[in-house]
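To keep things clear, I will list the structure first and then write my remarks on it.
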Amino acid sequence: MANALHRLKFPVTTVAVSFLMVVGALTACSGSTNGDIDAYCALVEDNFEIGLANSGIELEDLEALLEVSPDEIANIVEKLRNTLADIAEIDELDQLFAATFDPDALVAQQKFEIFNADECGISVEAIAAALKANQDLIQGELVQFLEDNNISSLWTGDVNISLVFDGLTIQGAQVTFLTPSEQGQALSVCHAISLWMYALKEAEGSILIFEDSREIVRRNASDTKCVEV
C-alpha cells in the first residue's frame, strides 16, 4: 500500500490507517516450498490494486511480483505482465480492445485471483473493498478541504462532487449543480477543486462542471485553466 500511495504523493494519514484496518482482517499467507510465498503475498497486500481488473496497476508492480512468484503461479503472473506491457504500447483502438479482452488474459486473471484467495487469503472482493474504502477517504478529504476553507459556503446552489479514479490514481473530478447556478459559481467550483487536486494532490485529469446534464465549465489538465463551455 505504501508504494501505491507514494506514487500518488498522498500524505500517509487516515488513508493508510484505514487501509491497514481493512487488510488486518485478511488471513496470513500460507507456506510454500517453492518461490517466496510470503514475499509474494506481502506484495499483493501492499499493492492491493494488484489483481483487480482495470485498477491502474503499474507494470513495475507485476515485474516485482514475478521475481518472487512461486512456480505454480509464475506463468500466470508473467502472462498478466506481458498483457499489460502489450496494452501500454498499442495505439489502434481495435487492437487495444482485442488485447484488453484476450481470452487467455482473462483466464489468467481468474487463476490469479483464485491463487491469491487460496494461498494468501486475499479475495478479489476484499481487494475491491479496500480500494473503495480508500477512494471514499480521498473523496472525503476533498469535501473536508472545501469545508475547512469555507469554500463550499459560497455556493448557494446544491452540488454533487465525484472524483474519478483509476485504482488509487485520481483521473479527474465531475461536479453537477442540482439547482441553477449563479453567475461565476461554476468557475469558483472549478478553481477550488483545481487548488486541491493539482496543487495539493499533484494529480492530473480533467474537471468537468455540469448544470443538470449540460456541461458549463471545464478544465482539461493541470497546465490549463478553468473555462466556460
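The values are calculated or read from the model by the stated rules, or taken from the named source; none is laboratory data. None of these values were measured; they are calculated from a predicted model. Glycine gets a Cβ as well: all are built from the backbone with ideal geometry, and neighbour counts include every protein chain shown.
Quick look at the numbers
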read-out	value
Where a residue in segment 110-123 is within 19 Å of residue 34 (Cβ to Cβ) and its partner, wherever it lies, is at pLDDT 90 or above, with Cβ under 6 Å and at least six apart	111/76; 112/76; 115/73; 120/41
Test result for residue 179, touching an Asp or Glu at 6+ places or on another chain (Cβ under 9 Å), buried (at least 17 other Cβ atoms within 10 Å of the Cβ), among the polar types (S, T, N, Q) and modelled with pLDDT under 90	no
The one condition in (1) touching a Gly at 6+ places or on another chain (Cβ under 8 Å); (2) under 19 Å from residue 223 (Cβ atoms); (3) acidic (Asp, Glu) that residue 166 fails to fulfil	(2)
Residue selected from segment 73-98 under the condition surrounded by fewer than 17 Cβ atoms within 10 Å (Cβ to Cβ) and closer than 17 Å to residue 44 by Cα, by the criterion modelled with the lowest pLDDT	78
Among the residues listed as 199, 186, the single one being assigned to a helix (DSSP H, G or I), outside the structural domain of residue 50 (by TED's automatic domain parsing) and crowded, with 19+ Cβ neighbours inside 10 Å	186
Qualifying residue in segment 163-171 (condition: within 30 Å of residue 115 (Cβ to Cβ), in a loop (DSSP other than H, G, I, E, B) and touching a helix residue (DSSP H, G or I) at 6+ places or on another chain (Cβ under 6 Å))	yes
